[in-house]
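Quick notes on the structure that follows.
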């Protein structure tokens, strides 16, 4: 058995890559180790309408849950501010249905998809799966964070996300909770799927995420747990090389999730699109430069934003709860209004700069991280 391209990983990046390649008439096989495309659903499910449109996806009714209207951000001492997010046109989607929708696009173009089939190893002529040996010209690694674990464990945080039913979850309102003692290096989140149902999650360095999450839920009130997902997230940005020989790495496996939030529907999805376009061209010309266009295009689009997000992450990881509380005290209605007017959910370091007070007078952070702040503002 032989294909032009085999893609390991049937998530957004892998499926978009398959869609692009198969649209050019090349044979593509997608293998997914789980029993269903879209499962398990690790993702919070937030994405901008503009981002989805650029990915070539108009969400089906089953995919599109609802618009996000506001985000409440809470400090360790309980102070909070709210950002109106209507202008950003962010939606909460069902990742199970989104993945299936893109899988349908890929299949309509001619791609084949096999579930319960896992990648085992690269061979001289292709790959070996859990079922058989298959030949291919290009192998695409879209297996997610699991591909990165052996490369650099310091870029990985533990996370847990529960789907729950609870009266205190309000449709359209996201909550983000910062506490460097409870969730060091990250935060807790509540993302609604509608009134009375949603996803509650937490991530952090060196913590027992299940205990941290159970603690949040107990503080919030009554709830029923419908589903529990435990998965590592990657927060160190893109890997150095997206293409190694005849192997092309995309999505979370290439570190294309945002370093600030670990969200990656758009940024990882565009990795799949750019890779698919470059692979298609390479299969036509056999010119290595065509394959290298993938990393060049992705870096030109997202490289600077990711560099700034990594710097913002470095700052956030080094401040303590006392400093975060002080920062929250300086956030004025003018700042939240300015952020609310910003309409780019996918390129958000401008909002982080405003929230950190980096153009204002937060001397504590500026003294602590002067050089890094200058880079962030540059």
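Below are the figures for this structure:
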| read-out | value |
| --- | --- |
| Segments classed as strands (runs of 3 or more DSSP E), wholly inside region 1-48, with at least 2 members that are over 19 Å from residue 138 (Cα atoms) and in contact (Cβ under 8 Å) with a residue 12 or more places away in the chain | 46-48 |
| Residue within region 21-31 that is closer than 19 Å to residue 194 by Cβ and surrounded by fewer than 17 Cβ atoms within 10 Å (Cβ to Cβ) present | no |
| Any hit, region 256-272, residues being outside the structural domain of residue 12 (by TED's automatic domain parsing) and out of contact with any helix residue (DSSP H, G or I) (no Cβ under 8 Å at 6 or more places or on another chain) | no |
| In region 268-283, residue farthest from residue 95 (Cα to Cα) [restricted to those that are over 21 Å from the mean Cα position of the chain (by Cα) and without any contact (Cβ under 8 Å) to a residue 60 or more places away in the chain] | 281 |
| Scan of region 218-252 for residues that are exposed (fewer than 14 other Cβ atoms within 10 Å of the Cβ), under 24 Å from the mean Cα position of the chain (by Cα) and in contact (Cβ under 8 Å) with a residue 24 or more places away in the chain, ordered by number | 226, 227, 228, 241 |
| Among residues of region 49-80, those that are buried (at least 16 other Cβ atoms within 10 Å of the Cβ), closer than 23 Å to residue 178 by Cα and in contact with a strand residue (DSSP E or B) (Cβ under 6 Å, 6 or more places away or on another chain), counted | 4 |
| Residue in region 149-170 that is more than 18 Å from the chain's Cα centre (by Cα), farther than 30 Å from residue 219 by Cα, buried (at least 18 other Cβ atoms within 10 Å of the Cβ) and at pLDDT 95 or above present | no |
| Elements of type strands (runs of 3 or more DSSP E) contained in region 164-215, each with 1 or more residues being in contact with a helix residue (DSSP H, G or I) (Cβ under 7 Å, 6 or more places away or on another chain) | 188-194, 197-204 |
| Criterion (assigned by TED's automatic domain parsing to the domain that holds residue 240 and within 23 Å of the chain's Cα centre (by Cα)) met by exactly one of 146, 210 | 146 |
| Failed criterion for residue 130 (all others in (1) within 30 Å of residue 273 (Cβ to Cβ); (2) surrounded by fewer than 19 Cβ atoms within 10 Å (Cβ to Cβ); (3) out of contact with any strand residue (DSSP E or B) (no Cβ under 9 Å at 6 or more places or on another chain) hold) | (3) |
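The values are calculated or read from the model by the stated rules, or taken from the named source; none is laboratory data. Note that this is a predicted model, so its numbers are computed, not measured. In this analysis, Cβ positions are derived from the backbone assuming ideal geometry, glycine residues included, and neighbour counts consider all displayed protein chains.
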